Amino acid sequence: MNRVDKAIQFITLAAICALYVYLEKQHQQKEAYLQHIDSVLIKTDSLLIQAQKQIDSTNAAIAEIGEYL
């Protein structure tokens, strides 16, 4: 194997390593983004539950007022 072939192999290996590092970083960023989305969905669900409780309470109050009218 001559020097040119060795150089080509080295450059190819370096490119593969760089691509691997890049893809790994992208994967980590994707995981962090998915965790953030999950957190937002949990908070949104909690807010929707609170809103539904408020709606139920308001409806009960309206029904109670309606009884007096």
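Using the Cβ-Cβ distance between Ala51 and Glu31 with R0 set to 30 Å, the FRET efficiency works out to roughly 0.50. Listed by chain and number, the lysines placed with their C-alpha closer than 19 angstrom to that of Lys53 are Lys43; residues fewer than eight positions away on the same chain are left out. For Rg/Rh (Cα atoms, Kirkwood Rh), the choices are (1) 0.95; (2) 1.12; (3) 1.70; which was calculated from the structure? Given (1) 0.95; (2) 1.12; (3) 1.70, the calculated one carries the label (3). Using the Cβ of Glu31 as centre and a radius below 13 Å, the other residues enclosed give a net charge of 0, where K and R count +1 and D and E count -1.
Every number in this text was worked out from the coordinates using simple rules, so none of it is lab data. The structure presented is a predicted model; accordingly, all values stated were derived computationally and were not measured. Note: ideal-geometry Cβ built from the backbone for every residue, glycine included; neighbour counts use all protein chains shown.
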